[in-house]
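Single-structure report; data block below.
The values are calculated or read from the model by the stated rules, or taken from the named source; none is laboratory data. Keep in mind that this is a model prediction, so the values were computed, not measured. In this analysis, Cβ positions are derived from the backbone assuming ideal geometry, glycine residues included, and neighbour counts consider all displayed protein chains.
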């Protein structure tokens with residue numbers, strides 16, 4: 001007869017064997033921006049013909065006016081820190097050694113800020129309103145880390 | 001019946017393709033949305049709420065309702081996500097119908113989309129199954145359908161040649177649909193000679209993977225006829241889910257369809273669907289379903305489906321054309337697929353279906369199916385219900 005004492009049962013645990021190899025198409029609009037940073041070290045934005053809002057990352061259509069953003073304008077390279085934080089605990093999601101400064105930076109001429117990092121500076125010296133500029137990677141592959149980080153404009 | 005009667009007043013879809021490298025997800029969505037707004041002669045400012053959905057895990061983007069607002073028009077508007085696997089598109093339609101029928105929202109924009117080229121379909125679909133009992137012995141998305149085909153074949157003695165006739169029909173119909181991904185006629189022999197994927201399903205028996213989006217605008221009876229001279233009225237909807245473990249399902253008979261269709265036709269007063277319906281857009285991911293599921297829907301007695309298909313009754317020009325669009329076998333952006341069925345029936349009722357138009361459509365049915373053998377079903381009509 002089967003032993004009725006459930007305290008003697010050790011629950012089994014299964015590890016997932018599922019891996020989904022995602023790939024994402026950047027699309028023509030994002031690709032134009034990514035080629036700009038890869039090939040020429042330039043930042044390009046799209047502008048709405050109706051409300052004149054200038055978007056980085058570039059949007060194919062204006063989310064507010066809901067019309068095609070037909071115009072491309074070069075922005076930056078100078079940019080302003082809108083807000084930031086200093087990540088001080090190592091996490092699997094952060095591939096680099098901490099502390100890492102995450103910041104929203106708004107390139108000159110753009111109405112929106114982009115997420116990136118601040119480097120080449122003591123984290124305690126970073127401030128909102130600080131002027132920064134992109135530092136491009138030596139080897140560029142057509143993705144957002146072709147901008148290695150933003151660094152102080154002076155110095 | 002809700003507080004308000006509900007009609008579809010506009011539809012839009014992308015030209016569906018296997019890959020859309022030129023656009024990201026938001027941009028793909030935007031194409032369908034702008035086409036639906038143009039069709040209804042509305043602007044995004046006229047929209048009171050948005051319902052959006054796609055397959056969980058397919059693009060690896062979890063908060064699609066938030067992430068997609070650039071393309072959906074959801075910026076600073078009420079927006080919710082619904083996702084129910086293969087039935088996502090039809091669930092979106094039912095959810096949008098509920099929102100308008102409740103009287104709380106007058107004009108609702110409904111969006112289904114998928115960039116199927118961005119992931120591994122079987123890997124993502126496997127996450128729908130129980131991790132302890134089914135996943136470790138799971139054989140992929142096609143195998144469950146194949147097991148249904150086998151069960152039905154054993155009971156009624158049909159063969160893969162009978163099923164191939166369904167695939168020939170849908171692929172022929174797709175030639176008339178400029179939005180379909182696969183628009184090439186095939187012969188019975190070509191279907192039978194195509195590679196066997198999972199017995200008894202050949203490559204040409206089954207749906208492709210597609211990038212595409214579809215948008216539908218529903219409006220309440222207070223404004224529907226002002227927006228659209230011939231709107232597509234939703235007469236009723238029903239849905240059923242049947243299982244937790246694969247072994248729970250009655251393979252070969254699809255109880256969810258039988259149950260949902262019975263409820264739908266009872267509450268809308270349809271006594272003889274075969275005679276009363278003018279068109280069906282069936283979410284039919286593989287050819288055998290074109291036989292088995294129309295029996296479960298009550299179109300034809302059990303065991304008689306194959307004979308009915310061979311008679312040509314479901315071809316264009318027949319007594320009850322099924323899948324004038326070419327259906328799922330010709331085009332399958334999964335999160336949009338069920339909504340495309342709904343939009344296609346709307347086009348038929350509105351008389352806007354172009355080369356795939358069935359003459360004089362007064363009543364039509366669209367359905368949704370999910371890999372766990374669940375069913376959504378909607379009844380559409382030219383006449384305002386009641």
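Please work out if residue B:242 is farther than 25 Å from residue B:354 by Cα, surrounded by fewer than 22 Cβ atoms within 10 Å (Cβ to Cβ) and in contact with a helix residue (DSSP H, G or I) (Cβ under 9 Å, 6 or more places away or on another chain).
Details: farther than 25 Å from residue B:354 by Cα: yes; surrounded by fewer than 22 Cβ atoms within 10 Å (Cβ to Cβ): yes; in contact with a helix residue (DSSP H, G or I) (Cβ under 9 Å, 6 or more places away or on another chain): yes.
Here the answer is yes, as residue B:242 does meet what is asked.
So that you can scan it fast, the table gives a plain yes or no per residue for (1) in contact (Cβ under 8 Å) with a residue 60 or more places away in the chain; (2) in a helix (DSSP H, G or I):
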site	(1), (2)
B:90	yes, yes
B:125	yes, yes
B:128	yes, no
B:136	no, yes
B:166	yes, yes
B:186	no, no
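Please enumerate the residues belonging to segment B:169-183 that are more than 14 Å from residue B:332 (Cβ to Cβ) and crowded, with 21+ Cβ neighbours inside 10 Å.
B:169, B:173
Please state which of the following conditions residue B:103 fails to meet, knowing it meets all the rest: (1) out of contact with any helix residue (DSSP H, G or I) (no Cβ under 7 Å at 6 or more places or on another chain); (2) within 14 Å of another protein chain (Cβ to nearest Cβ); (3) touching a residue at least 40 places away in the same chain (Cβ under 8 Å); (4) in a loop (DSSP other than H, G, I, E, B).
Failed condition: (2).
Can you tell me which residue among B:52, B:44, B:111 is within 13 Å of another protein chain (Cβ to nearest Cβ) and buried (at least 18 other Cβ atoms within 10 Å of the Cβ)?
Just one listed residue meets the conditions, B:44.
I'm trying to understand the selection: among the residues of segment A:55-71, which are more than 12 Å from residue A:110 (Cβ to Cβ), more than 10 Å from every other protein chain (Cβ to nearest Cβ) and surrounded by 15 or more Cβ atoms within 10 Å (Cβ to Cβ)?
Matches in segment A:55-71: A:69 only.
Mind checking which pairs have a first residue in segment B:231-250 that is at pLDDT 95 or above and a second that is in a loop (DSSP other than H, G, I, E, B), Cβ under 6 Å, 6 or more apart or different chains?
Between residues of segment B:231-250 that are at pLDDT 95 or above and residues that are in a loop (DSSP other than H, G, I, E, B), the close pairs are B:233/B:384; B:233/B:385; B:235/B:385.
Taking the criterion of being closer than 18 Å to residue B:97 by Cα and either crowded, with 24+ Cβ neighbours inside 10 Å or free of Cβ contacts under 8 Å to residues at least 12 places away in the same chain (or both), would at least one residue in segment B:12-28 satisfy it?
No, segment B:12-28 contains no residue that is closer than 18 Å to residue B:97 by Cα and either crowded, with 24+ Cβ neighbours inside 10 Å or free of Cβ contacts under 8 Å to residues at least 12 places away in the same chain (or both).
Suppose the filter is more than 14 Å from chain A (Cβ to nearest Cβ), under 16 Å from residue B:370 (Cβ atoms) and touching a helix residue (DSSP H, G or I) at 6+ places or on another chain (Cβ under 9 Å); does residue B:95 pass it?
So residue B:95 fails the test.
With respect to residue B:94, determine if the residue is in a strand (DSSP E or B) and outside the structural domain of residue B:376 (by TED's automatic domain parsing).
No; evaluated as a whole, the condition is false for this residue.
Anything in segment A:124-143 that is surrounded by 15 or more Cβ atoms within 10 Å (Cβ to Cβ) and within 16 Å of residue A:104 (Cβ to Cβ)? List them, or say none.
Residues satisfying the conditions are A:126, A:130, A:132, A:133, A:134.
Name the residue that is nearest to the other protein chains (Cβ to nearest Cβ), counting only residues in segment B:138-158 that are part of a loop (DSSP other than H, G, I, E, B) and modelled with pLDDT of 95 or more.
If we filter segment B:138-158 for residues that are part of a loop (DSSP other than H, G, I, E, B), which is where we start, we get B:138-140, B:157-158.
After this cut, where a residue has to be modelled with pLDDT of 95 or more as well, the list is B:157-158.
Values: B:157: 38, B:158: 35 Å.
Checking each candidate, the answer is B:158.
Quick one: residue B:106 ticks every box in (1) modelled with pLDDT of 95 or more; (2) surrounded by fewer than 24 Cβ atoms within 10 Å (Cβ to Cβ); (3) farther than 24 Å from residue B:379 by Cβ except a single one, so which number is it?
Here residue B:106 clears every test but (3).
Residues A:7, A:52, A:16: which one is under 30 Å from residue B:136 (Cβ atoms) and more than 11 Å from chain B (Cβ to nearest Cβ)?
Numbers: A:52 fails: under 30 Å from residue B:136 (Cβ atoms); A:16 fails: more than 11 Å from chain B (Cβ to nearest Cβ).
One residue alone meets the criteria, A:7.
Can you tell me which residues in segment A:53-68 are in contact with a strand residue (DSSP E or B) (Cβ under 9 Å, 6 or more places away or on another chain) and without any contact (Cβ under 8 Å) to a residue 24 or more places away in the chain?
The answer is A:61, A:62, A:63, A:67, A:68.
Being at the interface with another protein chain (Cβ under 9 Å from one of its Cβ atoms) and either closer than 26 Å to residue B:325 by Cα or out of contact with any helix residue (DSSP H, G or I) (no Cβ under 6 Å at 6 or more places or on another chain) (or both), is that true of even one residue in segment B:4-20?
Yes - at least one qualifying residue is present in segment B:4-20.
Being modelled with pLDDT of 95 or more, surrounded by 21 or more Cβ atoms within 10 Å (Cβ to Cβ) and not in a strand (DSSP E or B) is the requirement here; does residue B:292 meet it?
yes
Kindly provide the set of residues from segment B:128-137 that are touching a helix residue (DSSP H, G or I) at 6+ places or on another chain (Cβ under 8 Å) and either within 9 Å of chain A (Cβ to nearest Cβ) or closer than 9 Å to residue B:58 by Cα (or both), ordered by number.
B:135
In segment A:1-99, which strands (runs of 3 or more DSSP E) lie fully inside it and hold 1 or more residues that are over 28 Å from residue B:61 (Cα atoms) and at pLDDT 95 or above? Before the answer, list the steps.
Details: elements: A:43-47, A:71-75, A:79-87.
Because the criterion is at least 1 residues that are over 28 Å from residue B:61 (Cα atoms) and at pLDDT 95 or above, the strands (runs of 3 or more DSSP E) in segment A:1-99 that meet it are A:71-75, A:79-87.
Of the residues that sit in segment B:73-85 and are surrounded by 19 or more Cβ atoms within 10 Å (Cβ to Cβ), away from chain A (no Cβ under 12 Å) and in a loop (DSSP other than H, G, I, E, B), which one is modelled with the lowest pLDDT?
B:85
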